[in-house]
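Notes for the one structure printed next.
The values are calculated or read from the model by the stated rules, or taken from the named source; none is laboratory data. All figures in this text were calculated on a predicted structure; none of them were measured in a lab. Please note: Cβ atoms are built from the backbone with ideal geometry, for glycine as well, and neighbour counts cover all protein chains shown. Each accessible area value is taken on the protein alone, full model and side chains, heavy atoms only, with ligands, DNA and RNA left out. Shrake-Rupley method; radii C 1.70, N 1.55, O 1.52, S 1.80 Å.
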Amino acid sequence: MILRQLRDTDEDAEAAWEVVAAAFGDTAALAGEDAWPPGYVAEVRTRTRHLARTDPGGCWLALDGAGMPLGLALSARREGTWGLSMFAVLPRAQRQGVGRELLAAALMYGRGCLRGIICGSEDPRAASTYRRAGFALHPAMRLRGTVGPETKERLSPPDGAVHEGVARHRDLLDSVDRRTRGGAHGADHELLLTQRRLLVVDDLAGSGYCYVAEDGKVEMLAATSRRLAKRLLTAALLCLPEGADARVPALTAEQQWAVDVGLEAGLELSTCGYVCLRGMPPPTPYIPSGTFL
């Protein structure tokens, strides 16, 4: 096996996608998806290249003797906070030490960081691996449901103003990040602004933001109070088009405010893996991004 840094190239982005698609194909099937949506595939490739560019020392590709991809680990450091953005190994290469070597390289990149975050799947092997690496496992929940007229009728209007976010809000976003998770997302916001709709609150009560996808996924939400977080999540659900598949993942027990909003909207609540943390309590009020943590 050969382990090398992932490069910011189309070829490496394609190799990374091959690993992701093969490793998580069963997950897509269980979700009732016959094929990966083209938009999602392009998004993963773009994010892979973004991390290879911003954090080359944290992004690793495992190859066999013929140069074919076996596994992938993407990680990032942001102001003393390290996060594992992607960790995948081909089914045929599992239980052969590939994952162990990849994770060790990614963790080495985070050496010296005070805090660590991973949004882990329900895979018990992954959970055990993260626990052995020193992460506390916080069971996570997910809200999901189709947005219809009755969804918006159930929700009370936001209790204050919510604005469309733009690039000039970057300082506000980084400031809220530091207060909630200990480190700003920095350049990640520049990419998210091209892929997601940004909602922002900023008044005398505090500030916060939320990214939401057109297909209904709440990508990331952070606020200086639960009240503002509820306002943002409510606004995010209300702005979705009818028929959208609303999804709010990675909710720890500390995010009961989000559970309340989701249940009011008629979304279904279920369990979904773990939010794994090291050197920090669960951020609140905060909903992490699976990629940018």
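All alpha carbon pair distances within region 235-289 were sorted into 10 Å bins beginning at 0; the resulting P(r) in whole percents reads 20, 53, 23, 4, 0. Principal semi-axes of the equivalent ellipsoid, √(5λ) from the alpha carbon gyration tensor of region 200-293, are 19, 17, 12 Å from largest down. The convex hull around the C-alpha trace of region 122-172, projected and averaged over every direction, spans 7.6 square nanometres. Once the C-beta distance of H163 and R7 is scaled by a Förster radius of 41 Å, the resulting FRET efficiency is 0.60 to the nearest 0.05. Taken as entire DSSP H runs, the helices of the chain that both span 15 Å or more between Cα atoms along their own long axis and average -0.5 or more on the Kyte-Doolittle scale are 10-23, 98-109, 226-238.
Taking other residues whose beta carbon is less than 13 angstrom from the beta carbon of A104, and scoring Lys, Arg as +1 and Asp, Glu as -1, yields +2.
Over the Cα atoms of the chain, what is the Rg over Rh ratio if Rh follows Kirkwood? With Rg and the Kirkwood Rh in hand, the quotient comes to 0.96.
Per-residue Karplus couplings for region 59-71, computed as 6.51 cos²θ - 1.76 cosθ + 1.60 with θ equal to phi - 60°, are listed in order as 10, 10, 10, 9, 10, 7, x, 8, x, 8, x, 10, x Hz, Gly and Pro entered as x.
Surface composition of the chain: carbon plus sulfur atoms contribute 51% of the solvent-accessible area (1.4 Å probe, protein chains only, all chains present).
Peptide packing for 280-290, 162-172, 262-272 was compared via the average number of neighbouring C-beta atoms within 10 Å per residue; ordered from the highest value, the list is 280-290, 262-272, 162-172.
For S85, nonlocal amide neighbours, meaning residues 5 or more places apart or on other chains whose placed amide H falls under 5 Å from its own, are L74, S75, A76. Show log10 I(q)/I(0) for region 43-145 at q = 0.11, 0.13, 0.16 Å⁻¹, two decimals, from a solvent-free Debye sum over equal Cα scatterers. Result of the Debye calculation: -0.35, -0.49, -0.74.
Per residue, the accessible area of the chain comes to 45 Å², computed with a 1.4 Å probe over protein heavy atoms only. Each of T291, G57, W17 was placed along the dipole of the chain (beta-carbon charges, centred on the mean Cα), and the one lying farthest toward the positive end is G57. Between M108 and E18, the simple label model (points 7 Å from Cα in the Cβ direction) yields a spacing of 2.5 nm. Here the sum of -39500 (n - 2.57) over DSSP H runs of 4 or more residues, divided by the residues of the chain, equals -11000 deg cm²/dmol at 222 nm, to the nearest 500. Computed extension gain for K152 through E214, at 0.36 nm per residue and net of the alpha carbon distance, reaches 20.7 nm.
With no solvent and one point on each alpha carbon, what is the Debye value of log10 I(q)/I(0) for region 102-255 at q = 0.09 Å⁻¹? Rounded to two decimals, the profile gives -0.34.
Summing charges over all other residues whose Cβ lies under 14 Å from the Cβ of G120, with Lys and Arg as +1 and Asp and Glu as -1, gives +3.
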